[in-house]
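A.B. asks: Can you read through this structure? Questions will come right after.
The values are calculated or read from the model by the stated rules, or taken from the named source; none is laboratory data. Fair warning: this is a prediction, and the values are worked out from it, not measured in the lab. Cβ atoms come from the backbone with ideal geometry, glycine included; neighbour counts cover every protein chain shown. Side chains included, ligands, DNA and RNA excluded: accessible areas come from the protein's heavy atoms. Shrake-Rupley method; radii C 1.70, N 1.55, O 1.52, S 1.80 Å.
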Amino acid sequence: MAAPTLAPPAPASPWGRLRWTLADGVTLIGRELSRLRQEPGELVVALIFPGIMVLLFGYVFGSSIGVPGGGNYREYLMPGLFAMVTFSSVMAVTMRVATDASRGVMDRFRSMPMARSAVPFGHTGADVLSGAVNLVIMAIMGLLVGWQPHRGLWPAVQAFLLIFLFRYAMSWLGCYVGLAVKNEQTADQMLPLVFPVTMLSNAFVPTGGMPAWLRVLSDWNPVSALTTALRQLFGNPGAAVTHPSWPNEHPVAMTVLWSVTLLAVFVPLSIRAYRRKGR
């Protein structure tokens, strides 16, 4: 049975409600980060996984895959790994939200005088901050194996901002799914669904040799859009358009479009799902 819900005090003005939500959201971000420190196993995996991916794909697959137009495969690969890890983060948020919901933590939050939208904001904000640590580790590993940005500081900053934008959008998708599923076991069973999306992209191999119908799916895949955008902004191999399509020719705009669409859909859905859970 859900804990009794207390009506939180409503600030008089919209600006007051916004400040209230942000203050509670920052508190919950701190709670999520504190939980990571208390669960060292999860933290260690989160820190080691990006490095393993760089070494595994860069050296195991790198010797057998040709880069379109020539170039170092590990430089071709790194934008794809950035995109893959960013997309896969949806499951981490799903698991954390589903765990809190199934263990009664969400009910406890609803019984407290806090902004109703603060809990989803706390989960998604904490994911972006923890993702920043993963991104730094991946970038360092990439530099060690031969990857580097070639177009200067500002395009590189734009590339990393694009990663954060897309990750934030994916975290809201994960928040909604975590609220929609019944428990963490169900969320865990959904993990394999992420990998076909990441593999059906240009993250690891060129898509020019795919059948036409499969190539269309890959072109419109958000992982492909982010990967191509990063290759262009970093100046890495594989950024040239091998076959004409709008996502290939405008990858930055396509990634922003995907991100804005996901936010527009799943921010209100997540907040509504959280509120309905308490009824």
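A.B. asks: Using +1 on the beta carbon of Lys and Arg, -1 on that of Asp and Glu, and nothing else charged, what's the dipole of segment 100-219 about the Cα centre, debye to 20?
C.D. replies: Numbers: 8 positive and 6 negative charges, 37 e Å.
It comes to approximately 180 debye.
A.B. asks: Still on this structure, please answer the following. So, in nm, how far is label Asp188 from label Leu200 when the simple model puts each one 7 Å beyond its Cα toward the Cβ?
C.D. replies: For Asp188 paired with Leu200, the spin-label model returns 2.7 nm.
A.B. asks: Probe radius 1.4 Å, ligands and nucleic acids ignored: give me the carbon and sulfur share of the accessible area of segment 220-279 as a rounded percent.
C.D. replies: Details: 1760 of 2700 Å².
About 65 percent, which is the carbon plus sulfur part of the accessible surface.
A.B. asks: If you don't mind, another one. Rounded to the nearest 20 debye, what is the charge dipole size of segment 67-130 about its Cα centre when +1 sits on each Lys and Arg Cβ and -1 on each Asp and Glu Cβ?
C.D. replies: 240
A.B. asks: Among Val136, Phe164, Trp147, which residue has its Cα positioned farthest towards the positive end of the charge dipole of segment 62-164, with +1 placed on the Cβ of Lys and Arg, -1 on the Cβ of Asp and Glu, and the dipole taken about the Cα centre?
C.D. replies: So the residue we want is Phe164.
A.B. asks: Over segment 56-198, what percent of the accessible surface lies on carbon and sulfur atoms, probe 1.4 Å?
C.D. replies: Numbers: 3880 of 5820 Å².
In segment 56-198, the share of accessible area belonging to carbon and sulfur is 67 percent.
A.B. asks: Per residue Cα convex hull volume for segment 151-204, in cubic angstrom?
C.D. replies: Each residue corresponds to 90 Å³ of Cα convex hull volume.
A.B. asks: Please compute the per residue accessible area over segment 195-250 with all protein chains in place, 1.4 Å probe, rounded to a whole number of Å².
C.D. replies: 42
A.B. asks: Whole number please: convex hull volume per residue, Cα atoms of segment 125-273, in Å³. Spell out each step's value before the answer.
C.D. replies: On the way: hull volume 19.9 nm³, N = 149.
Hull volume normalised by residue count: 133 Å³.
A.B. asks: Of the listed peptides 94-101, 268-275, what is their order by residue-averaged count of other C-beta atoms within 10 Å, with the highest listed first?
C.D. replies: Packing proxy ranking, top to bottom: 94-101, 268-275.
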